[in-house]
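Read through the structure below, which is laid out as structure tokens, and then see the notes.
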Amino acid sequence: MPYIQNTKADQAEMLEAIGAESIEELFSCIPDSIRFEGELGLPEGASEPEVKAKIAGLGARTRSAARRPFFLGAGVYHHHIPSMVDHLAGRAAYSHEHINPARLDEEADSEHRRALFAFAEEHGFPRLQEVLTCGQYRHPRGMQFGGVEPEASNQILRGVAAGGCRGARHVAWIDLHTGLGEFGALEMITESPPDAPDYARGRAWYGAHARSTRGGESVSAPLNGTMERGLEEALGAEVELTAYAAEFGTYPALRVFQAMRADNWLQHHGERESEQGRAIKRELLEVFRPDDARWRAQMLAGAARVIQQALDGLARA
């Protein structure tokens, strides 16, 4: 079932169309004697990926395509797309054009910002972040496009992992990233849920820096097509893999997003060697590698620390 969000304005419009004063009026035909009163006593809600993982676990007695190798989709598979993405794709208030504009001037940017901020006010910033960063497979010229087949770098990395880790029973993998979080702050990010064994190992190795996107505790939203899933396939189920992304914060999320959006616009609409094109490239470099000696020192020290923590963890395995 798709995610369908009805605002109060949507509800009022529908009630007016059917001649009802309120939603409660729709249930007035049900006698009070058989209506349920009070709370249902249900646990707190879970995220969509967690619910899907739970349902998949309940059905694990069967061998579905999700649990076996298959090649439909040219290698683009095993990825989660939030139901809200399909819902938003057809809404006038939120569309592909607001993230991937054909024009990059002040007037157009103001319009797109208003649309994105309106969405954040209605659904919350975490939902906006998920839609903007989780990855998509519908718009080849859009940001975060996942592709239609594995890139050469994908195949090379899988080969390096399989060859370099041949014979290993325990593997630690650290993928260095920048751009999310407070300036210079370090977070060790996993896509695994908090009840997964590799999450527990990460907490033991990296302490409170280890955080799960699926648990809602990370600066990152849950993502599609992550390196961890590819490594699991390359190394095989017999290898105990502890894969984390070491994320070093830089600038506020809005600035990073705007730099990425401008770079995507430049790729498809702009002139790379123009002054505007060079300015876009300078900004993109700055948001991911700040020209700041203090930031570089923090990153180098943090990277050295987590590498040593991973080595210590492997020694105890």
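The values are calculated or read from the model by the stated rules, or taken from the named source; none is laboratory data. None of the values given here were measured: they were computed from a predicted structure. When we count neighbours, we look across all protein chains shown, and the Cβ atoms used for this are built from the backbone with ideal geometry, even at glycine.
In the set THR178, THR226, only one residue is of a type in the set (S, T, N, Q), under 29 Å from MET260 (Cβ atoms) and in contact with a helix residue (DSSP H, G or I) (Cβ under 7 Å, 6 or more places away or on another chain); that residue is THR178.
The set of residues in segment 222-276 that are over 18 Å from the mean Cα position of the chain (by Cα), farther than 17 Å from GLU191 by Cβ, of a type in the set (D, E, K, R) and part of a helix (DSSP H, G or I) comprises ASP263, GLU275.
The condition of being out of contact with any Phe, Trp or Tyr (no Cβ under 8 Å at 6 or more places or on another chain), surrounded by 14 or more Cβ atoms within 10 Å (Cβ to Cβ), within 22 Å of ASN264 (Cα to Cα) and modelled with pLDDT under 70 holds for ALA89. One residue is enough: does segment 123-132 have a residue meeting the conditions free of Cβ contacts under 8 Å to residues at least 60 places away in the same chain, in a helix (DSSP H, G or I), of a type in the set (A, V, I, L, M) and crowded, with 18+ Cβ neighbours inside 10 Å? Yes - at least one qualifying residue is present in segment 123-132. Note on segment 170-206: among residues that are in a helix (DSSP H, G or I) and touching a residue at least 60 places away in the same chain (Cβ under 8 Å), the one that is surrounded by the fewest Cβ atoms within 10 Å (Cβ to Cβ) is ALA204.
A quick yes/no check of all residues on (1) touching a Cys at 6+ places or on another chain (Cβ under 9 Å); (2) among the acidic types (Asp, Glu); (3) surrounded by 13 or more Cβ atoms within 10 Å (Cβ to Cβ):
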residue: GLY225; (1), (2), (3): no, no, yes
residue: ALA234; (1), (2), (3): yes, no, yes
residue: ALA243; (1), (2), (3): no, no, yes
residue: ARG261; (1), (2), (3): no, no, yes
residue: LEU266; (1), (2), (3): no, no, yes
residue: HIS269; (1), (2), (3): no, no, yes
residue: SER274; (1), (2), (3): no, no, no
residue: LEU284; (1), (2), (3): no, no, yes
residue: LEU300; (1), (2), (3): no, no, no
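Return yes when PHE248 is among the aromatic types (Phe, Trp, Tyr) and closer than 21 Å to GLY147 by Cβ and no when it is not.
no
Pull up segment 245-259, narrow it to residues that are at pLDDT below 90 and surrounded by 16 or more Cβ atoms within 10 Å (Cβ to Cβ), then point me to the one that is nearest to LEU157 (Cα to Cα). Applying the filter and picking the extreme gives PHE257. Regarding ALA317, is this residue loosely packed, with under 15 Cβ neighbours inside 10 Å and touching a strand residue (DSSP E or B) at 6+ places or on another chain (Cβ under 8 Å)? Taking the combined requirement at face value, the residue satisfies it. With respect to the conditions (1) modelled with pLDDT under 75; (2) touching a Gly at 6+ places or on another chain (Cβ under 9 Å); (3) of a type outside the set (Asp, Glu), SER47 falls short on a single one, namely (1).
When segment 144-169 is limited to residues that are of a type in the set (A, V, I, L, M), part of a helix (DSSP H, G or I) and touching a residue at least 24 places away in the same chain (Cβ under 8 Å), the one that is nearest to MET260 (Cα to Cα) turns out to be LEU157. Number of residues in segment 277-304 that are without any contact (Cβ under 8 Å) to a residue 60 or more places away in the chain and either assigned to a helix (DSSP H, G or I) or within 26 Å of the chain's Cα centre (by Cα) (or both): the value is 16.
The set of residues from segment 8-54 being of a type outside the set (A, V, I, L, M), in contact (Cβ under 8 Å) with a residue 12 or more places away in the chain and part of a helix (DSSP H, G or I) comprises GLN11, GLU48, PRO49, GLU50, LYS52.
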